[in-house]
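Single-structure report; data block below.
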């Protein structure tokens with residue numbers, strides 16, 4: 001048996017763009033992706049703190065160092081620029097693996113930049 005466990009999350013990032021006329025997904029700054037251990041095309045859940053919306057989509061690699069967090073396609077209707085979202089990834093693990101696993105939690109600054117220390 002496997003359980004679906006929190007793998008990583010970007011906690012409280014700011015939506016910088018919403019592009020309705022785009023094939024659906026979420027574009028994330030590659031620095032943020034690396035910090036959270038996210039892969040291009042990986043499924044993620046996005047939770048909007050401003051309006052309570054929740055959605056499932058996949059990651060597109062955004063330009064490194066830009067702080068971009070852009071909801072694309074239909075997902076663009078679920079958030080406005082400036083909204084605060086949490087981006088969550090999960091992993092399938094055995095119960096034994098899940099007991100020992102420590103998720104990666106990233107707390108970027110107000111401009112979606114990584115904070116050292």
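The values are calculated or read from the model by the stated rules, or taken from the named source; none is laboratory data. Keep in mind that this is a model prediction, so the values were computed, not measured. Cβ sites come from the backbone with ideal geometry, for glycine too, and all protein chains shown count toward neighbours.
If I filter the range 4-13 for residues that are modelled with pLDDT of 95 or more and over 28 Å from residue 116 (Cα atoms), do I get at least one hit? Quick ask: steps written out before the conclusion?
Within the range 4-13, the first condition is being modelled with pLDDT of 95 or more, and the residues that meet it are 4-13.
Keeping just the survivors that are over 28 Å from residue 116 (Cα atoms) gives 4.
Yes, some residue in the range 4-13 is modelled with pLDDT of 95 or more and over 28 Å from residue 116 (Cα atoms).
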Is it true that some residue in the range 7-30 is over 10 Å from the mean Cα position of the chain (by Cα), without any contact (Cβ under 8 Å) to a residue 24 or more places away in the chain and in a strand (DSSP E or B)?
no
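Condition check: closer than 16 Å to residue 109 by Cα and surrounded by fewer than 17 Cβ atoms within 10 Å (Cβ to Cβ). Does residue 73 satisfy that? I'd like the intermediate steps shown before the answer.
Working: closer than 16 Å to residue 109 by Cα: no; surrounded by fewer than 17 Cβ atoms within 10 Å (Cβ to Cβ): yes.
No, not satisfied.
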Only unsatisfied item for residue 55, checking (1) without any contact (Cβ under 8 Å) to a residue 60 or more places away in the chain; (2) assigned to a loop (DSSP other than H, G, I, E, B); (3) in contact with a strand residue (DSSP E or B) (Cβ under 7 Å, 6 or more places away or on another chain), is (2)
The range 79-112 - residue that is in a loop (DSSP other than H, G, I, E, B) and without any contact (Cβ under 8 Å) to a residue 60 or more places away in the chain and, of those, surrounded by the fewest Cβ atoms within 10 Å (Cβ to Cβ)
102
